[in-house]
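To keep things clear, I will list the structure first and then write my remarks on it.
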Amino acid sequence: MKARVNYFGHPLAGKFMRHLNSAAKVAADSTLPVLTQELVKIRASQINGCGFCTDMHTKEAAVAGETPVRLNLVAAWREATVFTDAERAALELAEQATRIADAAGGVSDEVWANAAEHYDEEQLVALISLIAVINAYNRINVINQQPAGDYKPGMFG
């Protein structure tokens, strides 16, 4: 598979990505736990069929200390016993927010209330921001058919 354009090497994309990466850094630097951030990015990327981001974030999560068992179970988190209640709330919020076009009501009050039980306001803002940013990255890579598998942890920062 070959990308449609050299997105990462194009000057216009470079300008755009600097801004998107700056937005992502704001969420990344929040008090939201790093492994929760990676789980959310993995799950949204799986839903969107973004191989590039799924590859990137499973590898980054492993470097950050995530276990192979948990990484293998992200797609089936509802049936898995290895995630905390807080992580499950974040994953459910990520799913509903990523599938916003599929749900007439968007993110349900129940899902929001569950997330709010586990995260403070800064962390909730970080979750909203993180979900929005990963969905933007996913769309860029899916539209461009960016190949997956060659990502090396830390290669973009």
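The numbers here are math on the coordinates, done by the rules we state, and not lab data. Predicted model only: the values in this text are computed from it and were never measured. Note that we place each Cβ from the backbone using ideal geometry, even for glycine, and neighbour counts take in every protein chain shown.
Brief remarks follow.
- Among 57, 19, 118, the ranking by other beta carbons within 10 Å of each residue's beta carbon, starting with the fewest, stands as 19, 118, 57.
- Angle between the chain longest axis and helix 11-28 axis [Cα atoms, degrees, rounded to 10]: 20 degrees
- The percentage of C-alpha pairs in the chain whose separation is greater than 27 Å is 20%.
- Chain lengthening between residue 155 and residue 76 when straightened (0.36 nm per residue, less Cα-Cα): 25.6 nm
- Inter-centroid distance (Cα atoms) of the range 1-56 relative to the range 72-138, Å: 17 Å
- Helix 34-48 axis, angle to the chain major axis (alpha carbon atoms, nearest 10°): 70 degrees
- Sorted fewest first by neighbouring Cβ atoms within 10 angstrom, 56, 1 come out as 1, 56.
- CD proxy at 222 nm, helix term only [per DSSP H run n ≥ 4: -39500 (n - 2.57); per residue of the chain; nearest 500]: -20500 deg cm²/dmol
- For the range 32-96, applying the loop criterion from DSSP together with a ceiling of 16 other beta carbons within 10 Å to the GluC sites (Glu not before Pro) yields 79.
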